[in-house]
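Report on the structure given below.
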Amino acid sequence: MQVKRLVAIAFFFLTLVIFIHLAEPAKTKVIADAEFTETRPKSTQSYTKKIAQQNLPEINFSSEINQSAPVFGCQIQPPANPPDPSLPAALTATPITMERFRKPISDSTSNTNSSPKTIAYSPREIIALAAASNYGERYIKDLSGNLANLSPIIVLHETVGSTNSVINFFQEFHTDEDNQASYHTLIAIDGTIIYFVPPDKRAFGAGNSVFVSSSGNEAVQTNPRYPSSVNNFAYHISLETPEDGMHNGYTHSGYTEAQYQSLAWLVAKTDVPLERITTHKIVDRSGSRIDPRSFNFNLFQKLLSEYPRIKEIFIGCPSAR
């Protein structure tokens, strides 16, 4: 009798362990259901200028995509019943330039509350424009006609893939909406900043998401097929994951000093306040996102405080300038 009770108890705990394992939320990668691959389109450009002397890694991208800049500005309101809400972004025949991603301004227009200290830091910057299917318009109003031009936030991510594999994925034209994804920028292991989507456009960085501020829950629905998200007012920045983090575990060795320095340098140029800088894990409503893992927020905040706060990167609609 005693043996039967022990067997029953053991079976109960085994069943409980299996149930917990199956019920655990999936620790998905930054881009859900996406398989990053190293294969490249037939026509590519390798950023190799002075790489040998500086010992910087080679970054590959399709240069042809950079020859057509997206139309500047925002739209008023998304259509409630569009025939195809995943239509690609409208493009011009004008090659895109760095000024579209950040426009240097004079020191006289910088934030007077920022540190006067000047940091002699200049990261390598590369434009690898995302395919037109993988980002969209920002809207002044949501699907219901309510004002949706909220104050910008910054959402931090990590890649769980190499820089070149992410570039390859973002520069591929995806007709399936579930595969359409992008960040505005990516910071490689060596601190290189790669620009994918201009700040006046909506990158597809977070799906079902919300930002909780002192004013309440902030989210905007722009596609009738998907729930509301922060994408309409978010600027998405991702950090390349170190080699020991290419898995779905909760931690890894962390990001490099160069990545933190480039991140602080970049965020300082948006003038977004610290209280509106968040992570994918925090804004995600699915419970499945854990990025950026092993992020040292104290170090980031310290470095950010050393840079003057200016607005070279204007996030949102030009009409709000």
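Sparse packing (at most 12 other Cβ atoms within 10 Å of the Cβ) combined with a DSSP loop state is found for the following trypsin sites (Lys or Arg not before Pro) in segment 197-264: 225. The stretch between residue 243 and residue 119 holds 41.7 nm of extra length on full extension. This uses 0.36 nm per residue minus the Cα-Cα distance. Given R0 = 30 Å, the distance between the Cβ atoms of residue 298 and residue 147 translates into a calculated FRET efficiency of 0.25. In this structure, the residue pairs whose Cα-Cα separation is over 24 Å, taken from 103/281; 103/141; 103/201; 281/302; 141/281; 281/311, are 103/281; 103/141; 141/281; 281/311. Taken along its three principal axes, the alpha carbon spread of segment 197-296 comes to 38, 31, 27 Å, from the longest extent down to the shortest. Averaged over residues, the count of other Cβ atoms within 10 Å places the peptides 168-179, 153-164, 246-257 in the sequence 153-164, 168-179, 246-257, highest first.
Each reported figure results from applying straightforward, stated rules to the coordinates on display, with no laboratory input. Note that the coordinates shown come from a computational prediction; the quantities given were computed from them, not determined experimentally. No Cβ is skipped: glycine too gets one built from the backbone with ideal geometry, and neighbour counts run over all protein chains shown.
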